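Q: Attaching a single structure in structure tokens format; questions to follow.
The values are calculated or read from the model by the stated rules, or taken from the named source; none is laboratory data. Here the structure is a predicted model, which means the values were calculated and not measured. When we count neighbours, we look across all protein chains shown, and the Cβ atoms used for this are built from the backbone with ideal geometry, even at glycine. The protein model used for the area step is the full one, side chains on, heavy atoms only, and it has no ligands, DNA or RNA in it. Shrake-Rupley method; radii C 1.70, N 1.55, O 1.52, S 1.80 Å.
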Amino acid sequence: MTGLLAIIGGSGFQRLGGLEVTAQLRPDTPFGPLSAPVLRGHLARRPVLFLARHGDGHRLPPHRINYRANLWALHAAGAGPVVGLAAVGGITAGLSPRTFAVPDQLIDYTWGREHSFHDGESLPVRHVDFTEPYCPRLRHDLLCACAAAGVPALAAATYGATQGPRLETAAEITRMERDGCDLVGMTGMPEAALARELGLRYACLAFVVNWAAGKTAGAITMAEIDGHIAHCTGQVERILAALAAAS
Ligand code: HPA
């Protein structure tokens, strides 16, 4: 791979098990502070970068994350392929809690986030192609890493990015399902688009931590979500170690 493998940790991944940290980078960016220092280190003896999307102690909600600063900093630190970890809700049949997926498409329902470097101020206006929002090669490598780690994963799915921080209504999920979404999360955009603007190869490793709103009786609880995240942690770490080892 050209450039360092970078991992953006989401909910449950303020740190990454198996990562041996050698440096903490706190670069200035034209967009202000990033969520947390970029950690440089080794995973499966390969050099990697790691960034906790929600910051230390999960202090940043999805709509307050400085996605531009995060992606800029990873690019400046020498990232090539970037894997965004995503704890998500499952919408369509089969996407029950603890299922893994490597999405191939997304639909963006977020609003009001700084979502482009090419806004005519930082950089001149430019319309990047986003037909395939995720890098096919990195998706393929991720799926191979899932297989190597012994974790079954869905090879295609559509990720719907919602604004949060509240969870969705049942009607919103019904609409998203009609739109073609299989998964719902709050941080997949603008992260994927910003990576594309910088020429970074981006893919998402999603793991389901609850049925989306209205898919089961009753409310979604954080205890349920936390329990499924904890269950998936070891598998996520094995997949990433396999990906790093193959890089
Ligand atoms: N909706 C949005 N984001 C999420 C969910 C959900 O149900 N679960 C985990 N992240």
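Q: Could you tell me which of the residues R166, R113, R137 is exposed (fewer than 13 other Cβ atoms within 10 Å of the Cβ), within 19 Å of the chain's Cα centre (by Cα), at pLDDT 95 or above and within 16 Å of the ligand (Cβ to nearest atom)?
A: Values: R113 fails: exposed (fewer than 13 other Cβ atoms within 10 Å of the Cβ); R137 fails: within 16 Å of the ligand (Cβ to nearest atom).
Criteria check complete, one pass: R166.
Q: Of all the residues that make up the range 217-243, how many are surrounded by fewer than 17 Cβ atoms within 10 Å (Cβ to Cβ) and either over 28 Å from L43 (Cβ atoms) or within 13 Å of the ligand (Cβ to nearest atom) (or both)? Break it down stepwise before answering.
A: Of all residues in the range 217-243, those surrounded by fewer than 17 Cβ atoms within 10 Å (Cβ to Cβ) come to 217-219, 221-224, 226-227, 230-231, 233-234.
Next, only the ones that are either over 28 Å from L43 (Cβ atoms) or within 13 Å of the ligand (Cβ to nearest atom) (or both) stay: 217-219, 221-224, 226-227.
Final tally of qualifying residues: 9.
Q: So A87 ticks every box in (1) in a loop (DSSP other than H, G, I, E, B); (2) crowded, with 19+ Cβ neighbours inside 10 Å but one. Which box is left unticked?
A: Among (1) in a loop (DSSP other than H, G, I, E, B); (2) crowded, with 19+ Cβ neighbours inside 10 Å, A87 violates only (1).
Q: Something else: Are any of the residues in the range 202-213 over 14 Å from G10 (Cα atoms) and of a type in the set (G, A, S)? Explain how you work it out, then say what you get.
A: Going residue by residue through the range 202-213, those that are over 14 Å from G10 (Cα atoms) are 202, 210-213.
With of a type in the set (G, A, S) added as a condition, the list becomes 212-213.
Yes.
Q: Looking only at residues that are more than 10 Å from the ligand (Cβ to nearest atom) and in a helix (DSSP H, G or I) in the range 172-184, which one is surrounded by the fewest Cβ atoms within 10 Å (Cβ to Cβ)?
A: R178
Q: Take the range 190-200 and flag every residue that is open to solvent by 50 Å² or more (accessible area, probe 1.4 Å) and either assigned to a helix (DSSP H, G or I) or not small (G, A, S) (or both). Step through it out loud before you land on a result.
A: First, pick out the residues of the range 190-200 that are open to solvent by 50 Å² or more (accessible area, probe 1.4 Å): 196, 199.
Correct list: R196 only.
Q: Run down A241, A203 and say which single residue is small (G, A, S), in contact (Cβ under 8 Å) with a residue 40 or more places away in the chain and in a strand (DSSP E or B).
A: On the way: A241 fails: in a strand (DSSP E or B).
Of A241, A203, the one residue that is small (G, A, S), in contact (Cβ under 8 Å) with a residue 40 or more places away in the chain and in a strand (DSSP E or B) is A203.
Q: Quick check: is even one residue across the range 62-69 more than 25 Å from A230 (Cα to Cα), open to solvent by 10 Å² or more (accessible area, probe 1.4 Å) and away from the ligand (no atom under 16 Å from the Cβ)?
A: The answer is yes; a qualifying residue exists.
Q: A further question on this structure: Mind checking which residues of the range 13-38 are within 30 Å of E121 (Cβ to Cβ), not in a loop (DSSP other than H, G, I, E, B) and not β-branched (V, I, T)? Break it down stepwise before answering.
A: Let us first name the residues in the range 13-38 that are within 30 Å of E121 (Cβ to Cβ), namely 24-38.
Those still in the list that are not in a loop (DSSP other than H, G, I, E, B) too: 24-25, 38.
If the condition is that a residue be within 30 Å of E121 (Cβ to Cβ), not in a loop (DSSP other than H, G, I, E, B) and not β-branched (V, I, T), then Q24, L25 are the ones that fit.
Q: Oh, and also: Please count how many residues of the range 185-216 are away from the ligand (no atom under 16 Å from the Cβ) and of a type outside the set (G, A, S).
A: 7
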